[in-house]
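The values are calculated or read from the model by the stated rules, or taken from the named source; none is laboratory data. Everything numeric here is computed off the predicted structure, so don't read it as measured data. In this analysis, Cβ positions are derived from the backbone assuming ideal geometry, glycine residues included, and neighbour counts consider all displayed protein chains.
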Amino acid sequence: MTTTTGTAQFHEAGSSSAREVAVTLAPGVLRIGEEAAWPVVSLVFEESSVAGGPCRVRSQVAPGLLMVSDTALLNALGHRQRSASTALGTGLVMVAGGLIGLLAASYFLFLPWMAGFLARQLPVSIEQQMGRAALEEFAPVASRCDSEEIRKPVRAIVDRLTTSVPKLAYPFQVYIVKNNTVNAVALPGGYIVVFTGLLDKTRTPEELAAVLGHEIIHVTGHHGTTAVMRATVFWAMLSFLTGDPTSLLVGAASALSQLSYGRSQEEAADRGAMELFELVRADPKGLEGAFEMLSKERADLPGAARYFSTHPQIGDRLAAVRAWKAKVKYQPEPLVAAGAAWLPRGACIAQ
């Protein structure tokens, strides 16, 4: 190893002041002026917190602190300082990681509570505006069924279920859509979209009432509104952090077009449907039959799609319905008057 010389600032142990010293790097030893010699193998380097600042050099076997800015000397010691661009890049990565962590923590811990709180504070008129905004996505005018033979009995079941709920704030509106999907969707503000695929599969008014009751609870529980508020708050935070205001609009639009509910909301809607059945004294077999029908429909889906469409899994939900049915003690009453015709098969069914 050749001898390398330079200068540095030396802090003696216990002193806050520094003095400039000549530094010589000889084979195996770093000499500091005339008073200290540190073995090279004992040296510890501590990068400055300021990009381009002096490197702090200590010895593990001797007191004192050496502040070295001489790049040639540091290179000879085998230490490579971070460049300003490297330091900046590292800092940006740390900041980005911190932001991602903040967003993740907010999404899973803070947002659910905040979204639910905000959803409960919104006036019904605002929720109705949200629902109307999503109607064109779920119930385009060209696909709606105008057959009164279909609309009237479905509306009657919704009225029967909702009039049993005291102080209900929502004036429910029902839309029948010509679509083979075996499902119904609840939109914020009291809009319920029923696909003709569901009407074609339900065998009794009670089976349809089971699905409609489930969707009614999604509305009264503000589940759709909560999903929108959660997405809006999340994207508002992201918009603030990134300086991109379009993120907020994208997030809100996405939440409206892809409404989905978590496990707790689905289970709450199932329990609510059971309570509605008890209030109107509907036959519990209808709720059980609806879940059996849905479980068969979902079984035909691909594995990944089946997971998302049955979250929480339909089998667990069916088991909960059967446990409830076994405890029911009331005498069931028909939802549709005796002798009244049920839904005519084939009307408005999408081909």
- Query: Does segment 79-98 contain at least one residue that is surrounded by 14 or more Cβ atoms within 10 Å (Cβ to Cβ), among the hydrophobic types (A, V, I, L, M, F, W, C) and either in contact with a helix residue (DSSP H, G or I) (Cβ under 7 Å, 6 or more places away or on another chain) or at pLDDT 85 or above (or both)?
  - Reply: no
- Message: If I go through segment 8-28 residue by residue, how many of them are modelled with pLDDT of 80 or more and surrounded by fewer than 14 Cβ atoms within 10 Å (Cβ to Cβ)?
- Response: 5
- Looking only at residues in segment 173-210 that are of a type in the set (Ser, Thr, Tyr) and in a loop (DSSP other than H, G, I, E, B), which one is surrounded by the fewest Cβ atoms within 10 Å (Cβ to Cβ)? THR181
- Query: Going by the structure shown, is GLU148 free of Cβ contacts under 8 Å to residues at least 12 places away in the same chain, assigned by TED's automatic domain parsing to the domain that holds GLY286 and surrounded by fewer than 22 Cβ atoms within 10 Å (Cβ to Cβ)?
  - Reply: yes
- Note on the structure: Pairing a residue in segment 156-172 that is in the same structural domain as GLY213 (by TED's automatic domain parsing) and assigned to a helix (DSSP H, G or I) with any residue that is at pLDDT below 80 and not basic (Lys, Arg), where Cβ atoms lie under 7 Å and the two sit 6 or more apart in sequence or on different chains, gives THR162/LEU168
- Could you count how many residues in segment 38-71 are buried (at least 17 other Cβ atoms within 10 Å of the Cβ) and in a loop (DSSP other than H, G, I, E, B)? 3
- Working only within segment 8-37, note down all residues that are closer than 14 Å to ALA76 by Cβ and part of a strand (DSSP E or B). ALA8, VAL23, THR24, LEU25, ALA26, VAL29, LEU30, ARG31
